[in-house]
Amino acid sequence: MEKRVIIFLILSLLIVLGWNFLAGKMGWIPEPPPEEMQEAPRASEPEAEPSKPPTASEPALAKEKPASEAASPSAVPMTAAAPAGEEVIVVATDLYRARFSNRGAVIDGWELANYTSPSPEGPVPVELTHKEGRFLKPLAIKAADEDVTAQLRDGLYRVSRDFERLDERHPVGHLAFEYRDEGSGLRVEKELTFHHGSYVVDVSVRAQGLPENWGLELGTNFGIVEWGEGFIGIMGPAFLIDDKVEKEVPDDRLVRMGPVRWLALQDKYFISALIPEGAKAVGVTKEGDNLVSTDVQFPGVESATMRLYAGPKAYDRLKALGIRLEETIDFGWFIYGSWDIVRWIAKPLFQVLRFFHEYTQNYGWSIILLTVCIKLLFVPLQYKSYKSMKDMQIVQPKMQELQKKYKDDREKLNRELMKLYKDHKVNPLGGCLPMLMQMPVFIALFNILYMTIELRQAPFLLWITDLSVPDPFYVLPILMGASMVLQQKIMPTAMDPTQAKMMLMLPVFLTFIFLNFAAGLVLYWLTNNVLTIAQQFITDRYIFKRPTFTSLTSGPPEQSDAKPQGDGQKPSGKKKKDKQAQKSEADTPVES
């Protein structure tokens, strides 16, 4: 029975931990496009700036300001400038630096000020927009008539704004775009309201002369920085319709009808989301490998309001929106689905982890403290598991005798084994059940350490400068593997020597897998192993100095009712020594 349980646990662990690594090695997970391909269009940005300098009557709102000029905030009146060509309008806040183009009145770039990505030239700000120009960009209007869509995409909008830079003295700013076509009667106005200290932008759109059905693009991969880098939670498009969070990447085009709460594109750490009022449908279009476009649709209306969030998947910020957008951080993931019990456990653990960070200011030490607390919480269960394994170890010789005696009669063997367990009050699953009860906690903590942006680029000590990426020198995985070997050596077991030797391969395999795991996860596992070793040492030294059940010390149950022989005198000294020797042999664990 124990052998089957062990095989089941090993296979489950191999599936959960080994799938992503194996799929990457075999090429089943598509590689993200090279960084140089993603950044190549940056070189062409200066060409998009107007060749004609603005006149004195037209404020220079389009050109990107030098850093020294942009740093000094000054409110300016809301005036509209006639478009002389394509212009780039920059909005800089303490959290992001957004670039807008008056050609189509769309988002041309969105850099996060407080988050960086590695590059050959060093860390650069995280860029949320996709740079390939053949797709509709964020906030582009998508009409039912493709000609109208192309007209609005290529048309030049008048631009007006009432701020240069947002700060504490000027916390709110407005940016407006206007397009008119007198011949067709087409008129579109977009107004964006920015807030200091917030990733949320208020967006309003007023349109005249549009076909009855029109929508607003969230863009292609807007909010996806590293597609396919993780295997937990929701990646790509997601939306909340009819009070249900859904994720689906279609083969071509998907339209889902219903009241739309939000529509998002996101990866493990970052997200962009439209939060519309009055939208009746969402559209998801697969543009290619790892390329998805999304839009919200407003049938039969001439104006629409919504909010845009483009930034990190920070739990508090998403939860403060009050629309369940924080559910894109899937704390409940397990294998191929999301489990409520894991989510219920993960959220309090996440709060405790952040509580420790307020005092330690180091997520590495916070992980260690949280692991210690969890270990102390499960001391009674682990004691029960350890006691059951010790019981099984002591009764193992009798089990082996029964296995030899009834090796040709499986049914008789099972009955005798069950009688043996009952006589000695031994539960063969007692060592596994307490561990299985701890699994939701371990899975929840795994999700927290893997998915939360708090650990992204969070340093620990010495060479560990980012707990969200693998240990560059593999020190933590090697120490973790060594701790697992030591833990197996001192753990009581009822397995035969051959099975015990096979189990020694498990630390080697897990070490190989953990080489590619985030350093924060490996730190948790290493800390847990060290605490388990310490607990086993204390238990062996101070608790289990006597046999774990009394039935073996007094002899087999069938001899307990035997009448004493002799004249009833006390046993001689030799008999006492014999009994003490038998008791010592019963206390001695059988080596596996």
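Any read-out appearing in this document is the output of simple, stated calculations on the displayed coordinates, not a laboratory observation. Small disclaimer: the values here were computed from a predicted structure and weren't measured. Cβ sites come from the backbone with ideal geometry, for glycine too, and all protein chains shown count toward neighbours.
In terms of modelled amide H atoms, which long-range or inter-chain residues lie less than 5 Å from the amide H of T465?
Amide H neighbours of T465, under 5 Å, 5+ apart: F460.
Mind pulling up the Rg/Rh value for the range 70-208? Radius of gyration and Kirkwood radius, both on Cα. Numbers along the way, then the final one.
Working: Rg = 16.0 Å, Rh = 16.1 Å.
We get a ratio of 0.99 for the range 70-208.
Kindly provide the Kirkwood hydrodynamic radius of the range 177-226 in Å, to one decimal, from all pairs of distinct alpha carbon atoms. Walk me through the numbers on the way to the answer.
Details: mean 1/r = 0.0745 Å⁻¹.
13.4 Å is the Kirkwood radius here.
Can you list, bin by bin at 5 Å, the percent of alpha carbon pairs in the range 245-305, starting at 0?
Distribution as computed: 4, 16, 28, 25, 16, 9, 2, 0 percent.
I need the phi-derived Karplus couplings for the range 505-510: 6.51 cos²θ - 1.76 cosθ + 1.60, θ = phi - 60°, integer Hz, Gly and Pro marked x.
Computed from phi, the couplings for the range 505-510 are 6, 4, x, 5, 5, 5 Hz.
From the Cα trace of the range 298-440, what convex hull volume per residue do you get, rounded to a whole Å³?
Values: hull volume 29.5 nm³, N = 143.
Spelled out: Cα convex hull of the range 298-440, divided by residues, is 206 Å³.
Out of all Cα-Cα pairs in the range 309-353, roughly what percent, to the nearest whole number, are more than 18 Å apart?
Working: 308 of 990 pairs.
Tail of P(r) above 18 Å: 31 percent of Cα pairs.
Compute the label zone of I323 within the range 172-210: residues whose backbone N is under 15 Å from the point 7 Å along Cα-to-Cβ.
Inside the label zone: 193, 199-205.
Testing the spin-label approximation: label points 7 Å from Cα along Cα→Cβ at M257 and D167. State their distance in nm.
According to this spin-label approximation, the distance is 5.3 nm.
In the neighborhood of G322, defined by Cβ-to-Cβ distances under 13 Å, what is the net charge if each Lys or Arg adds +1 and each Asp or Glu adds -1? Walk me through the intermediate numbers first.
Working: positive: R261, R307, R317, K319, R324; negative: D316, E326, E327.
Net charge around G322: +2.
Let me know the charge dipole size of the range 135-252 about its Cα centre in debye, to the nearest 20, where only the beta-carbon of Lys, Arg (+1) and Asp, Glu (-1) is charged.
Working: 13 positive and 24 negative charges, 97 e Å.
Its charge dipole is roughly 460 debye.
For the range 356-413, what is the largest minus smallest coordinate of the Cα atoms on each principal axis, given in angstrom and ordered from greatest to least?
Taking the Cα atoms of the range 356-413, the three principal extents are 64, 17, 15 Å.
Ordered by packing density, taken as the mean number of other Cβ atoms within 10 Å over each peptide's residues, highest first, how do 262-271, 346-355 rank?
Numbers: 262-271: 25.6, 346-355: 17.0.
So the order, starting with the most tightly packed, is 262-271, 346-355.
Which loop chymotrypsin sites (Phe, Trp or Tyr not before Pro) in the range 366-396, with loop taken from DSSP, have no more than 12 other Cβ atoms within 10 angstrom of their Cβ?
Working: sites: F378, Y383, Y386; in loops: F378.
Answer by residue number: there is no such site.
Show me, for the range 119-135, the HN-Hα J-couplings you get by feeding each phi into the Karplus relation (A = 6.51, B = -1.76, C = 1.60, θ = phi - 60°), rounded to Hz, glycine and proline as x.
8, x, 8, x, x, 10, x, 5, 10, 8, 8, 8, 8, 6, x, 7, 9
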